[in-house]
């Protein structure tokens with residue numbers, strides 16, 4: 001099960017955060033900044049998986065953006081790693097070569113796509129056309145009555 | 001309008017092309033975002049400023065200013081939907097940066113209640129990011145959810161079903177349940193899929209609903225659309241983890257579905273980098289592992305399809321490796337078959353010897369799964385690589401190797417293993433990792449100690465190195481070990497502690513055990 005997803009730039013500024021764990025005792029901002037700090041200090045040769053408290057963190061870097069996912073300890077790390085790539089491919093299809101600015105200006109669209117692909121922490125919709133369809137329909141017709 | 005919506009869903013690509021060609025009402029300049037039209041200057045400035053913030057102080061000033069302006073705008077009687085939309089987006093940003101904006105939550109709820117399709121969706125989104133079912137505003141949303149679920153507009157129904165997973169608490173679920181169950185018969189697969197997920201989330205909060213919902217889940221599993229079946233599988237995955245015994249009859253169906261996926265019977269849109277529906281394969285393998293564990297009969301039903309999965313494995317594709325890894329985990333969790341274990345061993349070899357850090361990490365991990373099922377020759381074969389990984393520059397690989405070592409420990413090598421674990425314990429500063437290492441060492445001391453003398457020295461060494469990182473429970477276990485030891489052990493303990501307690505700077509646990517041991521052995 002996925003617990004959270006963060007998109008940060010290489011300076012560590014948060015551009016998107018989504019949490020699927022509802023533990024009220026956890027301060028999400030502190031957790032996010034701690035995880036970001038741990039990931040950003042790793043270099044390219046190190047592997048993309050690390051342990052953090054009760055979570056397994058899987059991260060992937062695309063140019064200036066880092067995609068970080070926190071998951072259960074027994075999650076298949078490589079599957080999550082590839083899920084990140086699938087998610088980025090979907091964003092690429094939607095934004096036509098996604099960049100940090102796209103994520104900032106189109107934040108709600110990125111959230112909607114993520115909502116379509118992951119439900120309650122489970123990665124549900126991996127088919128790229130089906131993941132994009134509702135957002136594309138919303139773009140075409142959503143602002144009309 | 002609702003007719004057009006239905007047709008839109010069915011003929012999406014063609015319609016979209018048409019609308020893109022003639023649209024000037026949806027400017028799609030990259031810098032202003034797609035779909036909500038041109039963002040106002042105000043919003044563009046907001047984003048630019050967020051982007052250029054250099055310090056925490058600057059951020060606080062800016063956000064507090066924005067929140068004041070937002071409060072004023074939202075209080076106005078007449079506010080355009082676009083402005084409301086942008087204010088809600090700003091709220092999402094501020095919440096993400098860590099600033100609570102509770103006064104704006106109600107406006108997100110309003111947007112969901114009264115907005116057009118796009119604004120309604122954003123209202124739901126903002127609400128889901130800012131509060132959950134415990135908040136009193138969730139009650140207001142429940143009415144909206146019920147209304148939207150009965151809409152003729154497919155998009156609205158989907159939004160409402162999505163929102164069910166966020167805002168319906170255990171007491172409210174019975175209210176919505178009949179309407180959601182009704183959606184399981186909807187003609188659109190996407191609605192059926194979301195209905196299954198909503199029911200799954202109700203059952204998660206209210207486990208007693210399982211009996212009531214079982215027939216729904218069984219039926220959805222056999223749905224002709226893969227999306228619905230996949231959603232049902234994710235629900236079954238969680239259910240099987242809670243109680244595998246109830247779902248053993250699913251095994252033949254799971255094997256059959258996996259077989260069909262491997263035979264490329266799914267539409268080509270499910271292929272990802274030339275692997276057929278890899279995440280679906282992984283999900284099936286996970287459920288099979290849960291159901292086959294310690295169950296000979298269920299495991300035997302899985303052997304044929306598992307052989308097929310291993311045959312298809314290839315090391316060149318990252319996602320194919322993910323499937324292979326899951327297959328190895330399944331093979332080693334269920335009651336194993338010799339030929340499957342051999343196939344797994346071959347793959348483990350190629351992972352461990354890989355130059356890529358990620359694959360090597362997985363290789364070490366799979367080596368630890370395989371170990372209980374093969375002779376120690378397997379680990380010995382890769383001994384050189386394993387030793388290299390112990391001192392690997394990558395912390396994650398070192399940790400995984402330590403975990404492997406722990407599983408490999410026996411009476412003859414426990415001294416070396418404990419030494420290595422202690423070395424790493426001395427180097428680590430992360431408290432979580434320290435207490436895990438301590439727990440591992442305690443377990444090894446208890447299980448594999450070759451002699452009492454060794455046990456005593458190992459306990460004292462651990463307490464000296466770890467200090468207070470040793471958990472209370474582990475200290476108790478150590479104390480019990482000493483208490484149940486024979487007279488020779490006791491005599492040794494007394495001498496040893498007499499020597500140690502004279503020194504300065506000892507950790508608390510060690511002092512306690514030392515004093516207790518001397519007190520009990522004064523007679």
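The values are calculated or read from the model by the stated rules, or taken from the named source; none is laboratory data. Remember, it's a predicted structure, so these values are computed and weren't measured experimentally. Quick reminder, even Gly has a Cβ in these numbers, built from the backbone with ideal geometry, and neighbours come from all protein chains shown.
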Item to check | Top-ranked residue of segment A:4-26 - restricted to ones that are more than 9 Å from chain B (Cβ to nearest Cβ) and at pLDDT below 90, ranked as surrounded by the fewest Cβ atoms within 10 Å (Cβ to Cβ) | outcome: A:25
Checklist entry - Of the residues that make up segment A:48-62, is at least one more than 10 Å from chain B (Cβ to nearest Cβ), part of a loop (DSSP other than H, G, I, E, B), at negative phi and modelled with pLDDT under 95? => result no
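Quick grid of which residues meet (1) crowded, with 21+ Cβ neighbours inside 10 Å; (2) modelled with pLDDT under 90; (3) touching a strand residue (DSSP E or B) at 6+ places or on another chain (Cβ under 8 Å):
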residue	(1), (2), (3)
A:102	yes, no, no
A:110	yes, no, yes
A:113	yes, no, no
A:116	yes, no, no
A:120	no, no, no
A:131	yes, no, no
A:138	yes, no, no
A:142	yes, yes, no
Checklist outcome for this item: Residue count, segment A:98-128, condition at the interface with chain B (Cβ under 9 Å from one of its Cβ atoms) and either assigned to a loop (DSSP other than H, G, I, E, B) or without any contact (Cβ under 8 Å) to a residue 12 or more places away in the chain (or both), comes to 13
Checklist entry - Has segment A:80-94 got at least one residue that is buried (at least 23 other Cβ atoms within 10 Å of the Cβ), in contact (Cβ under 8 Å) with a residue 40 or more places away in the chain, under 24 Å from residue B:161 (Cα atoms) and more than 10 Å from chain B (Cβ to nearest Cβ)? => result yes
Checklist entry - Just to be sure, is residue B:125 in a helix (DSSP H, G or I), at the interface with chain A (Cβ under 10 Å from one of its Cβ atoms), buried (at least 21 other Cβ atoms within 10 Å of the Cβ) and at negative phi? => result yes
Checklist outcome for this item: Across (1) buried (at least 20 other Cβ atoms within 10 Å of the Cβ); (2) over 16 Å from residue B:358 (Cβ atoms); (3) in contact with a helix residue (DSSP H, G or I) (Cβ under 9 Å, 6 or more places away or on another chain), residue A:35 clears everything bar (3)
Checklist entry - Taking segment B:443-484 as the region of interest, how many residues are part of a loop (DSSP other than H, G, I, E, B) and either surrounded by 16 or more Cβ atoms within 10 Å (Cβ to Cβ) or touching a strand residue (DSSP E or B) at 6+ places or on another chain (Cβ under 7 Å) (or both)? => result 3
Checklist outcome for this item: Exactly one of B:96, B:70 is within 12 Å of another protein chain (Cβ to nearest Cβ), without any contact (Cβ under 8 Å) to a residue 40 or more places away in the chain and either over 25 Å from residue A:13 (Cβ atoms) or surrounded by fewer than 22 Cβ atoms within 10 Å (Cβ to Cβ) (or both), and that one is B:96
Item to check | Matching residues in segment B:47-67 - criterion: being part of a helix (DSSP H, G or I), more than 22 Å from residue A:139 (Cβ to Cβ), within 14 Å of chain A (Cβ to nearest Cβ) and touching a helix residue (DSSP H, G or I) at 6+ places or on another chain (Cβ under 8 Å) | outcome: B:49, B:50, B:51, B:59, B:62, B:63
Checklist outcome for this item: Wholly inside segment B:286-396, helices (runs of 4 or more DSSP H) that include 2 or more residues that are within 22 Å of the chain's Cα centre (by Cα) and away from chain A (no Cβ under 14 Å) are none
